[in-house]
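Below is one structure, written out as structure tokens; comments come after it.
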Amino acid sequence: MIQELIRILENIPVDNNAIGIEGVPFAGKTFYIENNYNSNNFCAVKEHMLYETSLPEYVISKWPEDEALIIQRQKYFLDIEEKRWISSDNISKTKVFDRTILSIMGYLYARICSNNISVNIWQKVLNILMQHKNIKLPSNFIFIDTAYPVLQKRFINNQRGCEAFLQEKSTYERLNHFYTNILNKLNETNIISLKTIKSEL
């Protein structure tokens with residue numbers, strides 16, 4: 001699955017005026033942006049879940065078992081991702097994206113690995129991704145590398161709410177594997193420039 005996604009990402013346009021901040025849930029992405037890019041030279045772009053003022057019920061409700069609903073949910077977030085890029089086209093400052101397309105695909109990857117969901121869903125979502133011609137890749141990525149014990153402490157103080165699935169160690173391991181493989185591959189092929197930051201607070 002990862003190799004299929006990499007082949008698609010290699011053909012997605014790259015924005016040389018953008019930085020993507022990635023990491024597992026509660027890695028410290030938003031905190032990092034607020035503390036490093038809070039100046040007139042940068043424009044922070046909110047993450048998918050905060051970009052829209054309201055989300056449809058089928059997106060915020062329990063993860064569905066029905067294949068069509070799963071695909072519908074993923075298409076919704078791909079639509080938001082495309083909106084984020086379209087709305088940022090005229091921004092002259094360096095754009096800093098809190099999460100990127102990788103977060104959308106990473107979540108689905110972790111779900112498929114954990115729930116024995118049909119891999120056919122992955123391929124169908126990849127096909128939908130290829131139809132979103134305005135989605136881009138930031139030319140620079142910063143991966144916030146956070147150890148699981150650190151995340152556990154943050155879960156306790158969580159004020160925003162986070163589904164139990166995202167707090168499981170197995171999910172953390174799958175997402176870490178996903179991000180590491182894809183970002184390293186894109187960096188090795190010079191599609192992006194990658195910097196890894198350790199988060200240990």
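The values are calculated or read from the model by the stated rules, or taken from the named source; none is laboratory data. Bear in mind that the values here come from a model prediction, so they are computed numbers and not experimental data. All Cβ positions, glycine included, derive from the backbone under ideal geometry; neighbour counts span all protein chains shown.
Do you know which residues across the stretch 54-71 are of a type in the set (A, V, I, L, M) and more than 14 Å from S118 (Cβ to Cβ)? Selection gives L55, V59, I60. Here the stretch 45-101 is the region considered, the condition is being more than 17 Å from the chain's Cα centre (by Cα) and of a type in the set (K, R), and the residue that is surrounded by the fewest Cβ atoms within 10 Å (Cβ to Cβ) is K62. Taken over the stretch 112-133, the criterion of being at negative phi and either at pLDDT below 90 or outside any helix (DSSP H, G or I) (or both) is satisfied by S114, N115, I117, S118, V119, H132, K133. Does any residue of the stretch 86-96 turn out to be β-branched (V, I, T), more than 16 Å from I8 (Cβ to Cβ) and in a helix (DSSP H, G or I)? Yes.
When you check I156 against the structure, is it closer than 22 Å to P25 by Cα, exposed (fewer than 14 other Cβ atoms within 10 Å of the Cβ) and either at pLDDT 95 or above or of a type outside the set (S, T, N, Q) (or both), yes or no? When the stated conditions are applied, I156 passes them. Looking at N35 and the list (1) at pLDDT 90 or above; (2) closer than 24 Å to R174 by Cβ, which single condition is not satisfied? Here N35 meets the rest and fails (2). A Cβ distance below 7 Å, combined with a sequence gap of six or more or placement on separate chains, defines the contacts here; from the stretch 68-84, residues that are on the phi < 0 side of the Ramachandran plot reach residues that are among the charged types (D, E, K, R) and assigned to a helix (DSSP H, G or I) in the pairs I71/K124.
Are there any pairs with C-beta distances below 8 angstrom linking a residue in the stretch 138-153 that is surrounded by fewer than 15 Cβ atoms within 10 Å (Cβ to Cβ) to a residue that is assigned to a loop (DSSP other than H, G, I, E, B), with the two at least 6 apart or on different chains, and if so which? Close Cβ pairs satisfying both conditions: A147/E200. Scanning the stretch 1-10 turns up no residue that is farther than 23 Å from N190 by Cα and either touching a strand residue (DSSP E or B) at 6+ places or on another chain (Cβ under 6 Å) or surrounded by 21 or more Cβ atoms within 10 Å (Cβ to Cβ) (or both). Considered as a group, the residues in the stretch 167-193 that are under 20 Å from Y32 (Cα atoms) and either within 15 Å of the chain's Cα centre (by Cα) or modelled with pLDDT under 85 (or both) include one that is surrounded by the fewest Cβ atoms within 10 Å (Cβ to Cβ), and that residue is T180.
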